[in-house]
Amino acid sequence: MTTFVTAELLERVRERLAEHAAAPDAAELATAIRAEAGGVLADTDLLRALRLLQTEMTGAGLLEPLLHDPRVADVLVTAPDAVWIDRGHGLERTELRFADDAAVRRLAQRLALAAGRRLDDAQPWVDGKLAGIEAALGDAFGVRLHAVLAPVAHDGTCLSLRVLRPATQGLAALAAAGSVPPDALRLLTDIVRARLAFLVVGGTGAGKTTLLSALLAAVDPAERIICVEDAAELAPVHPHVVRLVARTANVEGVGAVTVRDLVRQALRMRPDRIVVGEVRGAEVVDLLTALNTGHDGGAGTVHANSPQEVPARLEALAALGGMDRAALHSQLAAAVQVVLHVHRRADGSRGLREIGVLERDRTGIRVVPAWRSDSATAPAATELTHLIERRLR
């Protein structure tokens, strides 16, 4: 029996539906298929075309089953035949395959449209949050989208999807999983009780948000925590948390709400602790200013490969906000006391590697180890103990 479901027919249906931001339902797909087929299509062919297009045009298309795996944090497409996932133990290549780069490009453009973003040859990359997928992923906050089209992406369209799952584990759970050693657990608990301000640092996917959320869960229930984030991830098990989430501009280029805007608003919301989910720009100036106005126990996360790199990293970010090196080091010395370094181990697991104390010398601020997971010398161990004791008196 001759089939009328051809690649050309499917492409015409895609083009007909390309301008719709929302995923088409079965009735809309069936109508479009019949219209493009000229009404001459057997029921079996209609059903076949319907199944093919529903898989491609609903949710995240071929990638949808991967997002539904509760262990998956990232789904990465680097070529039509190269789809990778991260389930907490490093990248794994899957068996999924796209037909060609055009199929990857179509998916990326459809997802960009769903996120209210433009993705085409004139604007070949996109960063946004997918709307309408959260409900299908259980307790996830949503999916962060990033895509780069060819030929900017030399080997073909690159698509990255990060599932924003709430970080709800407490310190006890992290200790039970081996992420926090017993002696470090006692130190972390005391740091929170003493209301020392701290930064959690590490690379991408090292577990910064997970540790920060666990530490916030240990905060006194009588305290009010204001969390400011670029993308909602923090979900500490605490009775009084207010979460403020930044917003990017719409397709007209208006309506943006920055992390810096929200840090300023947090100051007016009677916070006991101000937390910035990720310090990545000029908002570092406002955070340090806030922590120097009587708001002890604040926190944030920063991308840095080691604690020793933190001052230089903050210098670069502060420069975006018009703060020079001398002012940054002065503010940092008064605002932050502790740095917590997390990293991804060789086996893909994540854990606390070092606790450092900020000290000032003739050249500025430096981070000195107070605890190390490898039991190496920690010259600031006594200083950290004294800091905690002074605050707990």
On the given criteria, is residue 241 more than 19 Å from residue 127 (Cα to Cα), buried (at least 16 other Cβ atoms within 10 Å of the Cβ), of a type in the set (Val, Ile, Thr) and within 21 Å of the chain's Cα centre (by Cα)?
-> yes
Going by the structure shown, is residue 191 farther than 25 Å from residue 247 by Cβ, crowded, with 24+ Cβ neighbours inside 10 Å and in contact (Cβ under 8 Å) with a residue 24 or more places away in the chain?
-> yes
State all residues of the range 329-342 that are within 22 Å of the chain's Cα centre (by Cα) and surrounded by fewer than 21 Cβ atoms within 10 Å (Cβ to Cβ); if no residue qualifies, say none.
-> none
Only one of 312, 318, 333 that is aliphatic (A, V, I, L, M) and in contact with a helix residue (DSSP H, G or I) (Cβ under 6 Å, 6 or more places away or on another chain) | 318
Over the range 331-348, the set of residues of a type in the set (A, V, I, L, M) and in contact (Cβ under 8 Å) with a residue 12 or more places away in the chain is 332, 333, 334, 335, 336, 338, 339, 340, 342
Complete set of residues in the range 223-248 that are within 9 Å of residue 259 (Cα to Cα) and either of a type outside the set (D, E, K, R) or in contact with a Lys or Arg (Cβ under 9 Å, 6 or more places away or on another chain) (or both) | 228, 229, 230, 244, 245, 246
Among 128, 142, which is at pLDDT below 80, surrounded by 15 or more Cβ atoms within 10 Å (Cβ to Cβ), touching a strand residue (DSSP E or B) at 6+ places or on another chain (Cβ under 8 Å) and not basic (Lys, Arg)?
-> 142
Failed condition for residue 272, given (1) surrounded by 17 or more Cβ atoms within 10 Å (Cβ to Cβ); (2) under 20 Å from residue 231 (Cα atoms), with all others met?
-> (2)
(1) of a type outside the set (Lys, Arg); (2) farther than 16 Å from residue 184 by Cα; (3) at pLDDT 90 or above; (4) not in a helix (DSSP H, G or I) all hold for residue 379 apart from (2)
Applying the selection to the range 275-319, what residues are surrounded by 22 or more Cβ atoms within 10 Å (Cβ to Cβ) and of a type in the set (Ser, Thr, Tyr)?
-> 301
Restricting the range 195-224 to residues that are over 19 Å from residue 302 (Cβ atoms) and hydrophobic (A, V, I, L, M, F, W, C), the residue that is surrounded by the fewest Cβ atoms within 10 Å (Cβ to Cβ) = 222
Somewhere in the range 289-307, is a residue assigned to a helix (DSSP H, G or I), in contact (Cβ under 8 Å) with a residue 24 or more places away in the chain and more than 24 Å from residue 366 (Cβ to Cβ)?
-> no
Taking only pairs six or more apart or across chains, which ones have beta-carbon atoms under 7 Å, a first residue in the range 245-263 that is of a type in the set (Ser, Thr, Tyr), and a second residue that is at pLDDT below 85 and surrounded by 13 or more Cβ atoms within 10 Å (Cβ to Cβ)?
-> 248/128
Residues being modelled with pLDDT of 90 or more and more than 21 Å from residue 154 (Cβ to Cβ) - total across the range 87-107 | 4
Which of the residues that make up the range 204-229 are assigned to a loop (DSSP other than H, G, I, E, B) and not charged (D, E, K, R)?
-> 204, 205, 206, 207, 218, 219, 221, 222
Of the residues in the range 173-197, those that are under 17 Å from residue 343 (Cα atoms) and outside any helix (DSSP H, G or I) come to 177, 178, 179, 180, 181
Aliphatic (A, V, I, L, M), buried (at least 17 other Cβ atoms within 10 Å of the Cβ), at pLDDT 90 or above and within 15 Å of the chain's Cα centre (by Cα): does that describe residue 262?
-> no
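The values are calculated or read from the model by the stated rules, or taken from the named source; none is laboratory data. Here the structure is a predicted model, which means the values were calculated and not measured. Glycine gets a Cβ as well: all are built from the backbone with ideal geometry, and neighbour counts include every protein chain shown.
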